[in-house]
Amino acid sequence: MASPFPLLRAITRTSSVTGTPMKTPHVSLRVSSSRTLSVVTAAAGSRGEARSTPHNPPRICIVGGGFGGLYTALRLDGLSWPAPTPSSTSQQRTTSSALSKANITLVDAGDRFVFKPLMYELLTGEAKRDEVAPLFADLLDGTDVNFARASVTGVTMEPDDGGIVHLDDETSIPFDYLVVALGNKPRTEMVPGARSSCLTFSSLEDVDASIEALDLARAAKATPRVAVVGGGVGGAELAAAIATRDGNAFDVTLLCRDPTGVMPTSPSQLRDHVSGVLRCLDVTVRAGASVTSVAGDGEVTLSFGGEADDETYDVVFWCAGQEPATTPVSSLVDSDNSLPVGGAGAPPLEVNPALQATAHPRVFAIGDIAQVASDGRGGGGGGFAESRTAQVAFQQSDYVAWNVWALHYGRPLLPFRYQHLGEMLALGPGEGAVAFPQLPEPLGDALGTLLDGWAAGVLRKAAYVYRQPTNGQRLRVLEAWARRPELWLPPGVSSGSARL
Ligand SMILES: Cc1cc2nc3c(=O)[nH]c(=O)nc-3n(C[C@H](O)[C@H](O)[C@H](O)COP(=O)(O)OP(=O)(O)OC[C@H]3O[C@@H](n4cnc5c(N)ncnc54)[C@H](O)[C@@H]3O)c2cc1C
């Protein structure tokens, strides 16, 4: 069927590069907690597709279309790829006037990009699905980026070359350069029963499942008891969103393992503010409560002050910890030239400061799945190795796009430098908190470091409109939100907003 978007070439069954379906036998299997992943050895099939001299324009495959992957694809699409001059040798020159676009393919298991920081607005009903999770087809319309909707099942690497990405529909994509941006997922294997008995809040499917579970609980009981396990930023935001849903219909408890309470690693001013907001929303915060198991009937076993305790909830959310989503790649090109694909508990993909996989120069990793090597080859990222945020992934996309281009033309790669722009939280409709980075004096003194309440909520929304991946989506969100003044007006003025 012809694509409604002429420039968006869906390649779900055919390699966009060769125009012919490529089938490669899967020769070994490794397991993942959420999807079955396979590893294909280099000996299996299309080895000849990768060449020691990259194609020009190069074939770039980006796996994962979240903050890291989608933004990298869009930036790569904006670059020109001059053809090498006839005199070019191993280091291709960029002096030719014959400019062309790279052959970029973005692969994602879903058909929508999810602007995850706005997922709470889906739960509270403040935002609509297309505003938070637009279709890739719409976002990539007007670009030359190919999109393949499929799950990545494995990658075959050539030691000094590119490789082949294998998809669950038995097709494959040969590449000269690979960008791995598969993100993280909640770490539910931490305690018995968490995976089978808890909801998570990390994907669009999770939002749908959460709304369904909360509605069911509400239909069965006037004031359902909800537990959110994990007192980090995500747990605190989720607790606030649930507490304000359906006219404060839920009795919410936030279980924090840290004895000091919520968000132990955040600045103290921000923590105090969030604790105060949660108190106003009647969220019970149990500091020092370490969950040891969860049963199917909602029974949560805790260790609290050294004593075991059992509590029963109608709905339990797991927001404690995260791990690579599906394809943690610790060291590329192992003994059988395959890209190791791990499951639960596998480490992230090790990169150098230029975000290049330490074990393979043609592979880059970005976002939640990337980890700077701990042996001294990494570092220099301004602490980004510890952060798993959209802010980091978004900033990395500029560097990765540039570094792929630079590697292709034999130019020096840029080490990633993280610029911390502060922390922004949603705390229920009409409420937010923004912690600014330490500003130099006298600016820091005049402005302070924390903005809260309605003004913070408005600033956060404005920032997220600005951060939308394309101008088209920016405009769509702006138009939709402009028609809903309750999103911008102070709670006293707007009848639809919650008051603290
Ligand atoms: C509820 C929530 C709120 C958040 N709020 C904030 C915030 O306010 N500020 C902030 O900075 N950060 C926030 N974050 C964190 C932020 O969203 C992540 O750090 C960021 O999305 C990481 O980008 P990424 O590209 O690494 O991964 P993701 O954006 O998660 O994208 C990964 C993509 O890979 C795809 N994928 C995974 N496995 C496969 C496979 N095998 N095959 C094909 N595709 C696959 C997924 O479908 C997904 O689209 C929030 C996260 C959540 C869950």
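The values are calculated or read from the model by the stated rules, or taken from the named source; none is laboratory data. Every value quoted in this text rests on a predicted model; they were computed, and no experiment measured them. A quick note on method: Cβ atoms are made from the backbone with ideal geometry, for glycine too, and the neighbour counts reach across all protein chains shown.
Going by the conditions given, is G288 within 16 Å of the ligand (Cβ to nearest atom) and under 27 Å from E323 (Cα atoms)? Answer is no for this residue.
Criterion applied to S196, S290 was being touching a Gly at 6+ places or on another chain (Cβ under 7 Å) and either surrounded by fewer than 17 Cβ atoms within 10 Å (Cβ to Cβ) or assigned to a strand (DSSP E or B) (or both), and the one residue passing it is S196. Annotation: V226 fulfils all but one of (1) crowded, with 19+ Cβ neighbours inside 10 Å; (2) at pLDDT below 95; (3) outside the structural domain of E350 (by TED's automatic domain parsing); the unmet one is (2).
Looking only at the stretch 54-68, residues that are more than 22 Å from D161 (Cβ to Cβ) and in contact with a strand residue (DSSP E or B) (Cβ under 6 Å, 6 or more places away or on another chain) come to 1 in all. Selection of first residues in the stretch 149-162 that are hydroxyl-bearing (S, T, Y) and in a loop (DSSP other than H, G, I, E, B) and of second residues that are at pLDDT below 80 and within 16 Å of the ligand (Cβ to nearest atom), restricted to Cβ pairs under 8 Å at least 6 apart or on distinct chains, gives the following pairs, ordered by first then second residue: S151/R35; S151/T326.
Listed by first and then second residue, the pairs with beta-carbon distance under 6 Å, at least 6 apart or on different chains, first residue in the stretch 230-257 and at negative phi and of a type in the set (F, W, Y), second part of a loop (DSSP other than H, G, I, E, B) and away from the ligand (no atom under 16 Å from the Cβ), are F250/P224. Taking the criterion of being among the aliphatic types (A, V, I, L, M) and surrounded by fewer than 24 Cβ atoms within 10 Å (Cβ to Cβ), the only residue of the stretch 103-113 that qualifies is A109. Remark: pairs (first residue in the stretch 177-200, over 21 Å from A213 (Cβ atoms) and away from the ligand (no atom under 13 Å from the Cβ); second residue outside any strand (DSSP E or B) and among the β-branched types (V, I, T); Cβ separation under 6 Å; 6+ apart in sequence or on different chains) = Y177/V404. Could you list, in sequence order, the residues of the stretch 202-219 that are in contact (Cβ under 8 Å) with a residue 24 or more places away in the chain and closer than 16 Å to D314 by Cβ? Passing the criteria: S210, I211, A213, L214, A217, R218. Within the stretch 149-172, does at least one residue satisfy the condition of being closer than 29 Å to M424 by Cβ and either surrounded by fewer than 21 Cβ atoms within 10 Å (Cβ to Cβ) or under 18 Å from the mean Cα position of the chain (by Cα) (or both)? Taking every residue of the stretch 149-172 in turn, none turns out to be closer than 29 Å to M424 by Cβ and either surrounded by fewer than 21 Cβ atoms within 10 Å (Cβ to Cβ) or under 18 Å from the mean Cα position of the chain (by Cα) (or both).
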